[in-house]
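Here's the structure, in structure tokens; my notes come after.
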Amino acid sequence: MKPVAHFKTITKHRRLVRQFCFQCGLYRQGLVHDLSKYSPTEFWVGAKYYQGNRSPNDMEKRDKGYSAAWLHHKGRNKHHLEYWIDYGWVGDHVELTGMRMPERYVVEMFCDRYAAARVYQGKDFSRSRPYEYYMQGKDHTLIHPESGALLETLLTMLRDYDDETVFRYIREEVLHNS
């Protein structure tokens, strides 16, 4: 059990997401981001499976075949694409599919991925890593095409431009009418 190390990691992550959300103008989302990680259901699992360089939920999945912490987390946090998976029409039949996410949650997901890469990669952080990570799983991800396109655009911009340019684009082009 590593409760102190886990607490420091999730708090550092939340601080970065809050900073990024504030730069986008998403003040409420920045303040409430990932508060469920401090709930007993998520926190103690995180402390038990803590590694410091990746999500503890991955290790719980390997150990148990599922992650109760992840199931709890994704069901309470709208910035995760998994929150938006439901049955929907695909052509002439119904199947599990990604529902269109409001832009503010796609932006929060971008901030979350950016912060996670910075926290878990530490001094080895690369601005291209969140883009690369997304592209590795893109073909197996149930995300609405419009939501996926926006996320990919933001991750590409993160890779290619500085923070000021990316956050200005989000404020002026993505969220200006939200």
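The values are calculated or read from the model by the stated rules, or taken from the named source; none is laboratory data. As the structure is a computational prediction, the values presented were derived from the model and not from experiment. Note: ideal-geometry Cβ built from the backbone for every residue, glycine included; neighbour counts use all protein chains shown. The area values use the complete protein model at the heavy-atom level, side chains included, leaving out ligands, DNA and RNA. Shrake-Rupley method; radii C 1.70, N 1.55, O 1.52, S 1.80 Å.
So if the hydrodynamic radius of the stretch 1-122 is defined as the Kirkwood radius over C-alpha pairs, what does Stokes-Einstein give as its diffusion coefficient at 4 °C and 1.567 mPa s, in µm² per second? All intermediate terms of the calculation are to be shown ahead of the outcome.
Values: Rh = 15.3 Å.
For these conditions, the coefficient is 85 µm²/s.
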Q: Pairs of lysines 8 or more apart, or on different chains, with alpha carbons under 14 Å: count those in the stretch 1-143, would you?
A: 8
Q | Selection from 131, 35, 154 lying farthest towards where the dipole of the chain points positive, charges on Cβ | A | 35
Q. Share of the stretch 1-144's accessible area from carbon and sulfur, percent, 1.4 Å?
A. 53
Q) So how compact is the stretch 28-71: Cα radius of gyration and Dmax in angstrom? A) 11.1, 35
**Q.** Packing-based order for 143-149, 21-27, using average beta carbon neighbours within 10 Å, highest first
**A.** 21-27, 143-149
Q: With unit charges on the beta carbon (Lys/Arg positive, Asp/Glu negative), name the residue among 140, 70, 4 whose Cα is farthest towards the positive pole of the charge dipole of the chain.
A: 4
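Calculate the dipole size of the chain relative to its Cα centre from +1 charges on Lys and Arg beta carbons and -1 charges on Asp and Glu beta carbons; express the result in debye to the nearest 20.
Values: 27 positive and 23 negative charges, 211 e Å.
It comes to approximately 1020 debye.
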Q) What shape does the stretch 101-178 have by the C-alpha gyration tensor, where a ≥ b ≥ c are the square roots of the eigenvalues, rounded means a/c under 1.5, and otherwise prolate means a/b greater than b/c and oblate the rest? A) oblate
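Only helical DSSP H runs with n ≥ 4 go in: add -39500 (n - 2.57) per run for the chain, normalise by residue count and round the 222 nm mean residue ellipticity to 500 deg cm²/dmol. Could you put the intermediate results ahead of the total?
Details: 9 runs with 104 residues, N = 178.
The per-residue figure over the chain is -18000 deg cm²/dmol.
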**Q.** Value in Å of the Kirkwood radius, where the stretch 63-155 supplies the Cα pairs that are averaged
**A.** 14.4
Q: Can you pull the one-decimal nm distance between simple spin-label points at residue 121 and residue 149, each 7 Å off the Cα toward Cβ?
A: 2.7
Q: Can you pull the one-decimal nm distance between simple spin-label points at residue 140 and residue 63, each 7 Å off the Cα toward Cβ?
A: 2.3
Q.
Suppose every Lys and Arg Cβ carries +1 and every Asp and Glu Cβ carries -1, with no other charges. What dipole size does the stretch 100-160 come out with about its Cα centre, to the nearest 20 debye?
A. 200
